[in-house]
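First the structure, in the form of structure tokens, and then the observations on it.
The values are calculated or read from the model by the stated rules, or taken from the named source; none is laboratory data. Quick caveat, the model's predicted, so the values are computed rather than measured. Note: ideal-geometry Cβ built from the backbone for every residue, glycine included; neighbour counts use all protein chains shown. When the accessible area is computed, the model is the full protein with side chains, heavy atoms only, and any ligands, DNA or RNA have been set aside. Shrake-Rupley method; radii C 1.70, N 1.55, O 1.52, S 1.80 Å.
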Amino acid sequence: MSIQTEEISRAYICIESGKMQEAEEIYKELLSEDLGNRIISGSLTWCNYWKEKIQNLGDFSTYEQGEYLLSCWKQFELMVKTRSKSEYDEKIIYSFKKGIFSMALELYINELQKQEGQGKWEEYRKAGFCYKKLGSYENAMECLMNAARCASGNSTVMAELADCYALCGDEKMAKAMFREAFFIDPLKIDLWYLEAPLIKVLVNEVQQKGYEGNELLSWIPVYGKLLGIFNVQRQLRAQEAGKIRQEIFARQNELKDKTNKEEIIKPRLLNLYFWIIDYMLSTHDSLRNIQQMHLEIKLLDKTVYNLYTQNN
């Protein structure tokens, strides 16, 4: 092993321990001996970036420090995307991820230990995310389940718990929970926190159709159904079905008002139709009633109707 390779390995260990200053010094020394090395100069820039961010942590409370690190990681990911893969070693990305998310995890756990009782679902959720980024899926699952107990019916937590199930290989549970989360409130789900290939493929499919922002979130459950991804469902209670029927009526009226946002109401209404049809089929409702719902879909969006009838 060359001296340079040994020094780079030592820098990785420093980064994983959160010692960005020490890693920066190693890269400065290496760069002085190899001025044209773009990988080393890029690594030095990233060490400096994280050193400055970590120095800023003192300006925030414990929970805010964790939030600040996650925000900085988002920026860092954008920085990495601007670089050609020939300009950096993938190992350094892993080292930064381990160092930053270990640091953030400790902050969230410290915050949880300070709190008593309810109202800490966000801390559990963020600790679960950090565990997930570190590859500790069982611990992530435990944290997210605690978050779900603190915030029952929260679509954000449910989607991230589904993501964890998918990463653990429980695709059936993941599909059922993703379907549920994107039904409850798709607009509250932050896709940045979702990493499983199962959901990434679906998001990419919908993005390719030109949707972004809230429209993207609203159409994900529609195409989840059409593409056979959200194909695991639970049996609705009669009371739940009644609420869906009420919302269908309300959304139909909203759609008649041209001042309302059709691009959000339309996919929501389509998803409501999908859910009520599934319920009608499971309760052996009359063919006439089911066909009426099919007609509603056709009148709302013929393209969706054609895809739906092909696959159902």
Rel. contact order, % - alpha carbon contacts under 8 angstrom, at least six apart, the chain: 10
Value of relative contact order over segment 68-166, rounded to a whole percent, pairs C-alpha under 8 Å and six or more apart: 21
Stick to Cα atoms and the Kirkwood definition of Rh, then tell me Rg/Rh for the chain. 1.08
Residue-averaged 222 nm ellipticity for the chain, from DSSP H runs of 4+ at -39500 (n - 2.57), nearest 500: -24500 deg cm²/dmol
Given the candidates I26, S61, Y12, the one whose Cα lies deepest towards the positive end of the charge dipole of segment 8-62, counting +1 at each Lys or Arg C-beta and -1 at each Asp or Glu C-beta, is S61
Computed magnitude of the charge dipole of the chain (debye, nearest 20; Cβ of K, R +1, Cβ of D, E -1): 1360
Please calculate how many Å² of accessible area the chain carries per residue, with a 1.4 Å probe and no DNA, RNA or ligand atoms counted. 52
³J(HN,Hα), Karplus 6.51/-1.76/1.60, whole Hz, each residue of segment 285-297, x for Gly, Pro: 5, 5, 4, 4, 5, 5, 5, 5, 5, 4, 5, 4, 5
Where trypsin sites (Lys or Arg not before Pro) fall in DSSP loop in segment 157-254, at most 13 other Cβ within 10 Å: K209, R234, R237
List the aspartates and glutamates whose alpha-carbon lies under 16 Å from that of K188, not counting same-chain residues fewer than 8 positions away? E122, E160, D163, E180, E212, E215
Of the options M79, I93, F230, report the single residue whose Cα projects farthest towards the positive end of the charge dipole of the chain (beta-carbon charges: Lys, Arg +1; Asp, Glu -1). F230
In whole angstrom, largest first, the equivalent ellipsoid semi-axes that the Cα gyration tensor gives for segment 190-279 are 23, 19, 10
To the nearest Å, what is the center-to-center distance of segment 238-272 and segment 35-88, using C-alpha atoms only? 44
Percentage relative contact order, segment 246-298, counting C-alpha pairs under 8 Å, at least six apart: 29
Please work out the C-alpha center-to-center distance from segment 116-165 to segment 210-237 and express it in whole Å. 22
Distance in nm between pseudo-label sites at E205 and K298 (7 Å out along the Cβ direction from Cα): 2.4
Computed from the mean reciprocal separation of all distinct C-alpha pairs, what Kirkwood hydrodynamic radius does segment 1-84 have, in Å? 13.7
Exposed GluC sites (Glu not before Pro) being those in a DSSP loop with at most 14 other Cβ atoms within 10 Å, the longest stretch of the chain free of them is 1-115
Residue separation between K261 and L187 times 0.36 nm, minus their alpha-carbon distance, gives in nm 25.3 nm
Carbon plus sulfur fraction of accessible area for segment 5-137, probe 1.4 Å, in percent: 48
